Amino acid sequence: MLLVVAPWRATPAQAQAGDPPADAGTSSPPIEGRVDPGTYRVGPGDEFAFRHSDLLDAKILRVSPAGEILFPDAGAVFVAGLTLREAEAKVRESLRLYVRGKGLVFTLYRPRRFRLQVLGEVESPGVVTLTAPVRASEAIAAAGGIAPGGARRGIVVRRGADSLRVDLVRYGTAGDLSGNPLVFETDVIFVPASGRRVQILGTKVGTTWFPETA
């Protein structure tokens, strides 16, 4: 699947139809490298370029707050939470009866901006605004970075009933991306104090003190 992320410029027809959002011309932070269709997960606010053999000009379609994309013929297709590769496959299957030939193009056009909570030992704990795709370290940096006395290991990403561990020491020294996972709008990041390891048991959060080593 071809992935395109580029500034939007309206054609006269699109400008009249109001296809793109009002903030389409605003700038977003640069994306670090190529967007991986196997790891990027679609969410509300993502914009896709859509074209097929019967549609001369590409349309810009935005994922709704409910996680759906509304197509003129097939109606709403739910894509939130799917990877780009999975979303493309689902769209192709949903439009199979409506699109003739092999001229269907469905590409990421502009990644979404979303809000995420970063709590604990950071300079400015609270909600930060980010542009997907984003890793835990970038979200922490948006909250002012780790405060003096904050840990670089044992950071927790709470994801529903599950949790992920962030190890920025391992990521910084070995480039291990598993220590710096991608984060999403439904996550909550908690940075503990240095030497404290956070334990999440059911709905209770406990802490145990350990010396932090590099």
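The values are calculated or read from the model by the stated rules, or taken from the named source; none is laboratory data. None of these values were measured; they are calculated from a predicted model. Positions of Cβ are generated from backbone atoms using ideal geometry, with glycine treated the same way; all protein chains shown enter the neighbour counts. These accessible areas exclude ligands, DNA and RNA; they are computed on the full protein's heavy atoms, side chains included. Shrake-Rupley method; radii C 1.70, N 1.55, O 1.52, S 1.80 Å.
Data overview
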{"read-out": "Test set (1) out of contact with any strand residue (DSSP E or B) (no Cβ under 8 Å at 6 or more places or on another chain); (2) open to solvent by less than 70 Å² (accessible area, probe 1.4 Å); (3) not aromatic (Phe, Trp, Tyr) - Pro148 fails condition number", "value": "(2)"}
{"read-out": "Any hit, segment 102-111, residues being part of a loop (DSSP other than H, G, I, E, B), small (Gly, Ala, Ser) and over 13 Å from the mean Cα position of the chain (by Cα)", "value": "yes"}
{"read-out": "Every residue from segment 114-145 that is of a type in the set (D, E, K, R), buried (at least 17 other Cβ atoms within 10 Å of the Cβ) and closer than 21 Å to Asp46 by Cβ", "value": "Arg135, Glu138"}
{"read-out": "Index of the failed condition, Ala161 passing every other in (1) farther than 19 Å from Ala193 by Cβ; (2) open to solvent by 10 Å² or more (accessible area, probe 1.4 Å); (3) of a type in the set (A, V, I, L, M); (4) within 17 Å of the chain's Cα centre (by Cα)", "value": "(4)"}
{"read-out": "Members of segment 66-85 found to be in contact with a strand residue (DSSP E or B) (Cβ under 9 Å, 6 or more places away or on another chain), within 22 Å of Thr186 (Cα to Cα) and outside any loop (DSSP other than H, G, I, E, B), listed by number", "value": "Glu68, Ile69, Val77, Phe78, Thr83, Leu84"}
{"read-out": "Any hit, segment 100-107, residues being under 24 Å from Tyr40 (Cα atoms) and of a type in the set (Phe, Trp, Tyr)", "value": "yes"}
{"read-out": "Unique match (being within 21 Å of Pro37 (Cα to Cα) and not small (Gly, Ala, Ser)) among Arg135, Arg165, Arg158", "value": "Arg135"}
{"read-out": "Residue list for segment 8-65, restricted to those being modelled with pLDDT of 70 or more, open to solvent by less than 80 Å² (accessible area, probe 1.4 Å) and not in a loop (DSSP other than H, G, I, E, B)", "value": "Glu47, Phe48, Ala49, Phe50, Lys59, Ile60, Leu61"}
